């Protein structure tokens, strides 16, 4: 389970649109491929999305 607070803390982000966009992106990825629903995969995907 990845929340906005975890993203803010781990990626040193400020609350805002990027957090919501990242969470939506992660949800869609997990819905497409449920095997991605683990902390390591989600952090990797979040990092790729945030720093694209």
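Among the residues of region 9-19, write down those that are at pLDDT below 95 and farther than 11 Å from residue 46 by Cβ. Of everything in region 9-19, those that are at pLDDT below 95 and farther than 11 Å from residue 46 by Cβ turn out to be 9, 12, 14, 15, 16. Can you name the residue in region 1-20 that is part of a helix (DSSP H, G or I) and touching a residue at least 24 places away in the same chain (Cβ under 8 Å) and, of all such residues, is surrounded by the most Cβ atoms within 10 Å (Cβ to Cβ)? The extreme case among them is 7. Filtering region 22-43 to residues that are free of Cβ contacts under 8 Å to residues at least 12 places away in the same chain, in a helix (DSSP H, G or I) and either in contact with a helix residue (DSSP H, G or I) (Cβ under 9 Å, 6 or more places away or on another chain) or surrounded by 15 or more Cβ atoms within 10 Å (Cβ to Cβ) (or both) leaves 35, 36, 41.
The values are calculated or read from the model by the stated rules, or taken from the named source; none is laboratory data. On a predicted model such as this, the values are computed, not experimentally measured, just so you know. For neighbour counting, all protein chains shown are included, and Cβ atoms are generated from backbone atoms with ideal geometry for every residue, glycine included.
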